[in-house]
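Below is one structure, written out as structure tokens, with a few remarks after it.
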Amino acid sequence: ACDTSQLCNCSSMGLDFIPPGLTAKITVLNLAHNRIKHIRSQDLQQAVNLRTLLLQSNEISSIDEDSFQSLAKLELLDLSNNSLAHVSPVWFGHLFSLQHLHLQGNSYRDLGESSPFLSLRNLSSLHLGNPRFSVIRQGNFEGIELLHKLWIDGSNLSQYEQGSLKSIKKINHMILNIRSIKIFSEVVMDLLHSVTWLEVTEIKLPVEKKSLVQNATRPFRLQKLIFKESFFTDQTLSRAIVLLKEITSLKELEAVDCVLEGQGRWNMKEIARSGPSFVETVTIIQVVIQNFHLFFDLNGMESQINNLKRLTIASSNVFMVPCSIARHFSSLLYLDLHDNLLANKRLDETICEGSWPSLQTLNLSLNSLRFLEETAKCTSRLPKLNNLDISQNNFGEIPDVCEWPKTLKYLNLSSTQIPKVTACIPRTLEVLDVSENNLKEFRLQLPFLKELYLTKNQLKALPGATPIPNLVALSVRRNKLSSFSKEEFESFRRMELLDASENNFICSCEFLSFIHHEAGIAQVLVRWPDEYVCDSPLAVRGAQVGAVHLSLMECHRSLVVSLICVLVFLVILLLVALGYKYHVVWYVRMTWAWLQAKRKPKRAPPKDVCYDAFVSYSENDSDWVENTMVRELEQACPPFRLCLHKRDFVPGKWIVDNIIDSIEKSRKTLFVLSEHFVQSEWCKYELDFSHFRLFDENNDAAILVLLEPIQSKAIPKRFCKLRKIMSTKTYLEWPAGEEQQLVFWENLKGALTS
């Protein structure tokens, strides 16, 4: 179960022992949450390059003395939550590189008579203790001089030998789970000169008379003290305030998830006699006070709060700070009252005239404020306020004009249900947050604004750059932005950061071209490229904007369609030219004639033959045909029946059908050839169909009469059959002399009857 970086994850696999075959390549081995009971000498012998070994949450009860002997490069060893009944110094004798050791959650009662950590010169963090851990002896921490973090679960610690922790010269952060106030006092005495940050959990302070420092020499190192899940009464808290003032290095106090049983009846006289407090920062989070509405106003604490610089009271049901107390926070720079019960009626008392004179930052978020105009008016009493957070209050409406502190530079109005932004927003701002307000536009004139946060609104476009010329950072994440142009982007001349992620972008050609070619845009866009995704076109939905490249057709559809139309027109023009040159139309017409003829019998039955000949002639030769030839043939004995288009075509019938039917109903087709005939389109068609009939039936149904001399090459080359007839058979020529004309008529009549 090893990856390419030689991290082997064998956790939660139900293993009863360390698997064999471990090699020198492995750097991280995770065997947590298995059923391993025993670590043998040979189990880890070959894993000489191991840096991390995780064995927590097994059932380990015994470890061979030389099990870790080959792990000289090991940096982290986690043996927590097992069943070790003792801790042996031999285990750690060769772990010269070890920095983090976790031994908590086992079943040992003490660390032995000496120190198990003598060889661990590079140890940085140490976790130890368990519910059975009851004894700490002098010498248990010998060999450790510097720790970044020390965590001791001593909830049932009953014996602590004074000076046991003094051997550690410096501890940056110590977490102590302890219930015995006696041992707490002894531990604090030992840690005054070594610990910087002390965190105490689950302690229940009694009324302690004994000093915490006694004869300890100054200066002390302890600067920060945190109580977690602890229990106080009015009496124990009063005494604790007095005792903690003896630790002159203490600058920061914090209480988290604690319970105070009382109403604020503190021993103010004793607190005042003990002198001023050196604490500069107080943080109180989720402190439960039974009957908090009956809590006293802490009159008499004025002398203890003059030097306080930072105060946080969060999630603790604060609904008011009396004006008499507020005026004594003369040095307070930072006040955080978020997630409480402050309403506008009580805010007027909390921020009264002359209160909080030095305050620069105020957090009133997540309270019960309802009126923005009144809230602004109250804060205008703070002469030095420049940072105000009133987010997550349900204002609902925003007036057109508001009165704010003249020094205000940062304002957080996010999640306040305001439907728009108006001139109520002060022009002095450098940072404005109006996220999560369903705003549809932003057009405020804010000449000094450098940062603007518009996350989770309904904006469809970037705000205009002209009213906010100095903007450096802009967030429009999770709006209705579909795109933004090069001009919009470049109009913000000082823009360094733009967060437009999680919008539904329309990946148009213009937008993609701008994104792909704008120099340095990747450095400006926050969360680029992972959170910039196309919503349309459908073909690229869900793809990252930076990875999408549309085709030429998709980007220049009109141009491509125009080019295709021009190309099609040119092709058609070319086909027409070729068709004209190579007589394609003739072939088409021949095909049509063939299709028409196929619907009829090859020869009309004798009863359907009505004419001796169909006469095809040019209109320019009609005088000779109608006045000379028709008279001669139709008045002969016996007479011939001729079909003429002027006389015999059925009115209203398609002319093509008339031609085809007339030729089909005639025994012969008589062509009166002349120069006019060759130029006539309809004569050509009649010639076309006759040519087809000759080709299809291979007979002599056509009779050619040359009205005037004409060469056979004058007939188009495509009429190969007729050209062959003219070149191989005799055709009739109309003579000029009368005697020859008599012979002509006799020959023509003979041809018609043959």
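The values are calculated or read from the model by the stated rules, or taken from the named source; none is laboratory data. This structure is a prediction, so every number in the text was calculated from the model and none was measured. When we count neighbours, we look across all protein chains shown, and the Cβ atoms used for this are built from the backbone with ideal geometry, even at glycine. Protein only, heavy atoms only, side chains kept; ligands, DNA and RNA dropped before computing areas. Shrake-Rupley method; radii C 1.70, N 1.55, O 1.52, S 1.80 Å.
Taking the Cα centre of segment 318-454 as the origin and placing charges on Cβ (Lys, Arg +1; Asp, Glu -1), which of CYS402, LEU335, ILE418 is farthest toward the positive end of the dipole?
About the Cα centre, the residue reaching furthest to the positive side is CYS402.
Tell me the label-point distance for the pair LYS749, GLU65, using the 7 Å Cα-to-Cβ offset, in nm and rounded to one decimal.
Once both label points are built, they end up 15.2 nm from each other.
Might you tell me the accessible area per residue for the chain, computed with a 1.4 Å probe and given in Å²?
Value returned for the chain: 50 Å² of accessible area per residue.
Give or take rounding to whole Å, what are the principal axis extents of the alpha carbon atoms in segment 37-84, in descending order?
Principal extents (largest minus smallest coordinate, Cα): 26, 19, 12 Å.
In units of 2.2 N^0.38 Å, what is the alpha-carbon radius of gyration of segment 439-561?
Values: Rg = 14.9 Å, N = 123, 2.2 N^0.38 = 13.7 Å.
This ratio for segment 439-561 stands at 1.08.
Return the percentage of antiparallel bridges among DSSP beta bridges fully within segment 439-561, rounded to the nearest 5 %. Please report the intermediate quantities before stating the final value.
Values: 1 of 11 bridges.
Once the DSSP bridges in segment 439-561 are tallied, antiparallel ones form about 10 percent.
Determine the calculated [θ] at 222 nm for the chain from helices alone, applying -39500 (n - 2.57) to every DSSP H run no shorter than 4 residues and normalising by the residue count; nearest 500 deg cm²/dmol.
-6500 deg cm²/dmol
Just the number, please: carbon plus sulfur as a percent of the accessible area of segment 463-591, 1.4 Å probe, no ligands or DNA/RNA counted.
Exposed carbon and sulfur together represent 63 percent of the surface.
Given a cut-off of 18 Å, name the pairs among LYS182/LYS204; LYS245/LYS384; LYS409/LYS480; LYS149/LYS182 whose C-alpha atoms lie farther apart than that in the structure shown.
LYS245/LYS384; LYS409/LYS480; LYS149/LYS182
I'd like the Karplus ³J(HN,Hα) series for segment 251-264: coefficients 6.51, -1.76, 1.60, θ = phi - 60°, whole numbers in Hz, and an x wherever there's a Gly or Pro.
10, 9, 10, 9, 10, 10, 6, 9, 10, 10, 9, x, 10, x
First check a/c for segment 113-170, with a ≥ b ≥ c the square roots of the eigenvalues of its C-alpha gyration tensor; if it is under 1.5, answer rounded, and if not, answer prolate when a/b is larger than b/c or oblate otherwise.
Prolate is the answer for segment 113-170, as a/c is 1.5 or above and a/b outweighs b/c.
Could you sort TRP266, TRP745 by their accessible area in this structure, using a 1.4 Å probe and putting the largest first?
Values: TRP266 40, TRP745 15 Å².
I get TRP266, TRP745, largest accessible area first.
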